[in-house]
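> Supplied in C-alpha cells, the structure appears directly below.
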Amino acid sequence: MIERTPLLNFTTHAILIVGLVMLLLPLWIVFVASTHDFRTVNTVPMPLWPGSHMVENYVAAWTQSGFGPKMLNSLVMAIGVTTGKIAIAALSAYSIVYFRYRLRMVFFWLVFITLMLPLEVRIVPTYAVAANAFRPLQVLLDVFGMSWLLESVTGLRLVLPEWSLLNSYSGLILPLIATATGTFLYRQFFLTVPDELLEAAKMDGTGPLRFLFDILLPLSKTNMAALATIMFVYSWNQYLWPLLIVTDPAYGTAVMQLQRIVPGPLFGEPPRWHIAMAGTLIVMLPPLLVVVFMQRWFVRGLINQDK
Amino acid sequence: MLPVYEGFQRHNSLVGGASLWVMQGKSRGEYQAAAAFLDYVASRAEVEWMPTVTGYIPITNAAFRHMQETGFYSRPGFAGRETAITSLTFTPPNENTRGIRLGNFTSIRSELTSEMQAAYTGQKSVQQALDDAVARGNQILRRFEQTMRGRQLP
Amino acid sequence: MSGKRVTFKNFWLAILLILPQLFLVFTFFYWPAGEALYWAFTLEPPFGGEQQWVGWQNFETVFADPLYWNSVKRSLLFAFSSTALAMGIGLLLASFVDRQLAGYKVYRFIYFWPYAVAAPAVGLAFRFIFAPDAGFVSAINVWFPGLWNPALDGFDAMVLIVLANAWSMVAYNFIFFLAGLQSIPRSLVEAGAMDGAGAVRRMRDLQLPLIAPTFFFLIVINITDSFVNSFGIVDITTGGGPARATDLMVFKIYSDGFKGKDYSLAAAQSLVLMLMVCALTFIQFRFVERRVHYS
C-alpha cells in the first residue's frame, strides 16, 4: 500500500468483490442447479441456494453417462499427452541446445512454426491422416527414393504397415503430443543452466544420455511440474479432436460426453438441467482441482511460456 | 392425420430417418456378411422390436401387417400409432413423395434449417426463405454433380 | 540463438533425440497442412476415389458466398468483443489486486479458477444460465416477457457466446496483467505517488505504458484463441444458429467438412483461417522479440 486513501480502498474492495461474484457466479449456479429436483430447477426465477437432491442427481448423472470409463479414458489421454509432451519437449530441446549440428536451427524452426497451425485450422486433413498415420512417412520414403534404394540393395520392398488411429488411445494422444511451447520452455531452461556443469560432467567422463537423465532432468523438476499442470488441463479439456477420432463409445472422453447431456428439444427430452449440471460439474472438476492445488506451478509455467 | 387445406390433394407423407449403406469395393466375404446383417435387421422379430420399445414405425409392410393381426395397435399404450403408417402409405409414392435421396443431403438440410430459422425469426418472408433454400440447395447439388462427375449412382 | 560454449559432438544421437518430435510434427502438422493446400485446389469425393483439379474454383466459391462473409463477420465480432471484454475486466481486476490490500491473495487465487474449465463445459453452463425458460437470466422474461431468447434472437445468441468466451478468458488475462504490473519496480510507483500523482494518474501515465508489451501480447493471444477455441462453446450453446447468427469460421469448417462431407470447400476455408492465424502469430513473434528487448 502506498498511500492512505480510504475511499480508494473501499472502491478496491468493492470492485474485487464484484469481480469475485462475476467469476464465481456461473460455477455457483451450476452447483446449485445440480442439487435440486426436476421441478425446482425449472422454476423461474431459480433458487440460488442449494437443495437437498445433490447425491441422487450426481449418482444419476454418473450412471446415465457412464462416467466411470469416460473419466478413465480422459485420464489416460491427459496423462498420456502430458508425459508425452514433457518427454518430447525435453529430448528435442536437449538435442537443439546441447549438440552442435547444422540442421538444429532448421529443426528448431520446424517445431516452432507449428505454433501457427493450431489443430482447429488443419482439422480436416489431420483427420484424414488419422486413418493411416504412416501414410505421410510412406509417401516421403517413396518420393525420396529411399524405398527404391532399399529395394535395390536388399531386395526387400519397404512397406510400412497401415496404422489407423481411429478409436484408439494412440489416436487420442499422439496428434496432441507435438509441442512447440514445451520445447521452447525447455530450451529456455537449458540455456540458463551454467556451462560449467557440462564441463565438469565431461571431465568426469559423463556421456550425453547420463548427463541428461542424471543431471539435467532432475534439475528441471520445477519446469516439469509447471509444464505438467498446464498440459494436463489442456489435454483433459480437448473436445474437437476426440469428437472426430472416436466413434466407439468405449473410447469416449468425459468432455465429449457434454455434447450428449445437453438437454433440449433437439433430443426430444424434458429439460433435465439438474442432471446436466451435475454432469458438467463432474467433467470440470479434475482440471479445476489441478488449478486449485497446483496454482503456483501453473502460473509459473504460463508466464514463462511466452518469454 | 394433420388436416390439409381445402382444394389440395393429400399425398403420402415423406419417410425419413437413418439409413444403412453398403459401399462398393469390398471383398465377397464382406458382402456376404453385410447381406446377412441386413437380413437380420429386416427380420420380423427385429423390425417388431423397435416400435415396441421406441415410438418408431415398423420398417416393413410384412411386419406391420403381422403386428396388426396380433393386436399390437389395439393394446393400450400403442393404440393410434398406426396413424403414422396410414400417413406414410396414404397414396402410392410418386417421384416427389418417395423420400429424399440427394447428394450432400446433410448440407442441403442444414441450409433448409437455417433458412427456416430466418423465416421463423422474422428476418425473411417464408417465400423468400424457401426460395433461398432452393437456390442454396441447387448450388450444393451442382457441386456434388461436379465432384461425382462420370459416376453413376446405383 | 545463443548457444552453449561446450556441447556434445554425437550427431546421430542428436538426430535420434529429436526424431520423435519431427515425426509427429511432420505427420500431424506439415503433412495435413500440405494436404489442405492440395485439397483446396481439387474436388475431393467424400468416400474416396479420383479427385479432380479445379484450380481456384473452391476459393471462388468460398469468396463469392455471402454466407462465408457472414461467418467471417460474426467471427470478427465475436473475437473483438470477447477480447475487449476479457482484457478490460482482466486489467481492471489485476490493477486493483496489485494494490495489495488485505486479502488480495485470496482474490488472486480464486480469479484464476475459470481458466480450468473446458470450453464445452463453459458452453453448457452458460446455456443453462442464459436459457430463456429456466436458469438465472430467464428471470428477466418474467418482468419483460420475451426480452431474452438466444434460441430465437441472433443478437442474444451472440451475446451469450461472447460472455461465455470472455468469462473463460478473463483468468488468463488477469494473470498476465498482474505479472506485468508486479514486474514494475515498487520504487517507481512510490516515486510517482510522492510527486503527488493519484492512483488513477499513476495507472494511466506510468503503469499502463510500462505494461504495453503485455497488452499487445494479450491482444494477439486473445484474438487467436477466440478463433480457434470458439468451437466448443458454439457447438454446445447455439450450434451456429439461429439463422447462422453464430456461425463462426471454425464451426463452419467443421460443419461443411464433417457434416456436409465437402472436404474441398472446408480445406479452402481452413487455408484462409490458417493464413489469418499465421499473420497474427507472426505479429506476435515480432512483438515478442521487442518484449524481450524491453525486459
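> C:K259 to A:L209: FRET efficiency via 1/(1 + (r/R0)^6), r the Cβ-Cβ distance, R0 56 Å, to the nearest 0.05?
It comes to 0.70.
> Further, regarding this structure: Starting from the Cα of C:E60, move 7 Å in the Cα-to-Cβ direction to define the label point; list residues of segment C:32-48 whose amide nitrogen is under 15 Å from there.
Residues C:41-43 qualify, since their backbone N sits under 15 Å from the label point.
> Can you flag which of B:K26/C:K259; A:K70/B:K26; B:K124/C:K261 are past 32 Å Cα-Cα?
Pairs exceeding the cut-off: A:K70/B:K26.
> With a cut-off of 8 Å between alpha carbons and a minimum separation of six or more residues, what is the relative contact order of segment B:105-147 in percent?
Dividing the mean separation by the residue count of segment B:105-147 yields 42 percent.
> No solvent, one uniform scatterer per C-alpha: report log10 I(q)/I(0) for segment B:105-147 via the Debye equation at q = 0.14 1/Å, two decimals.
Cα-only, vacuum Debye calculation for segment B:105-147: -0.31.
> Can you compute the label reach from B:T70? Point 7 Å from Cα along the Cβ direction, backbone N cut-off under 17 Å, restricted to segment B:13-52.
Output list for this probe position: B:40-52.
> Let me ask something additional. For segment B:1-99, rounded, prolate or oblate, judged on the Cα gyration tensor with a ≥ b ≥ c (square roots of eigenvalues), a/c < 1.5 rounded, else prolate if a/b > b/c?
oblate
> Quick one: if you stick a label point 7 Å off each Cα along the C-beta vector at B:A42 and C:F47, how many nm between them?
A separation of 1.7 nm, rounded to one decimal place.
> About the Cα centre of chain A, what is the dipole size in debye to 20, counting +1 per Lys and Arg Cβ and -1 per Asp and Glu Cβ, all else neutral?
Roughly 280 debye, rounded to the nearest 20.
> Something else: In segment C:65-261, with Lys and Arg counted as +1 and Asp and Glu as -1 at Cβ, which of these residues, C:N141, C:L218, C:L206, has the Cα nearest the positive end of the dipole, that is, farthest along it?
My answer, from the dipole projection, is C:L206.
> Additional query: Between C:S187 and B:A18, what is the label-to-label distance in nm when each label sits 7 Å out along the Cα-to-Cβ direction?
Between C:S187 and B:A18, the simple spin-label model gives 7.2 nm.
> Determine the sum of side-chain charges near C:W148: Lys and Arg each +1, Asp and Glu each -1, restricted to other residues whose C-beta is under 11 angstrom from that of C:W148.
Working: positive: none; negative: C:D133, C:D153, C:D156.
Every neighbour counted, the sum reads -3.
> Distance in nm between label sites at B:K26 and A:A14, each 7 Å beyond Cα in the beta-carbon direction?
So the two model labels end up 7.0 nm from each other.
> Taking beta carbons within 10 Å but only from partner chains, what does the mean come to for residues A:20-30?
The shielding value for this peptide is 6.
> Apply the a/c threshold of 1.5 to the C-alpha gyration tensor of chain A and tell me whether it is rounded, prolate or oblate.
Values: a/c = 2.78, a/b = 1.40, b/c = 1.99.
The shape class here is oblate.
> Defining a contact as two alpha carbons under 8 Å apart and six or more residues distant in sequence, what relative contact order in percent does chain A show? Could you put the intermediate results ahead of the total?
Details: 300 pairs, mean separation 91.7, N = 307.
Relative contact order comes out at 30 percent.
> Let me ask another. What does the charge add up to near B:S107, with Lys and Arg as +1, Asp and Glu as -1, over the other residues with Cβ less than 10 Å from its Cβ? Numbers along the way, then the final one.
Values: positive: B:R109, B:R136, B:R143, C:K259, C:K261; negative: B:E111, C:D256, C:D262.
Once positives and negatives cancel, what remains is +2.
> If you don't mind, there's one more thing I want to ask. Which FRET efficiency value, to the nearest 0.05, is calculated for B:L102 and B:I59 with the Förster distance at 22 angstrom and r the Cβ-Cβ distance?
E(calc), rounded to 0.05, equals 0.60.
> When only C-alpha pairs under 8 Å and at least 6 residues apart count, what is the relative contact order of segment C:1-95, in percent?
Across segment C:1-95, relative contact order equals 12 percent.
Values in this text are rule-based calculations from the coordinates and carry no lab data. On a predicted model such as this, the values are computed, not experimentally measured, just so you know. Cβ atoms come from the backbone with ideal geometry, glycine included; neighbour counts cover every protein chain shown.
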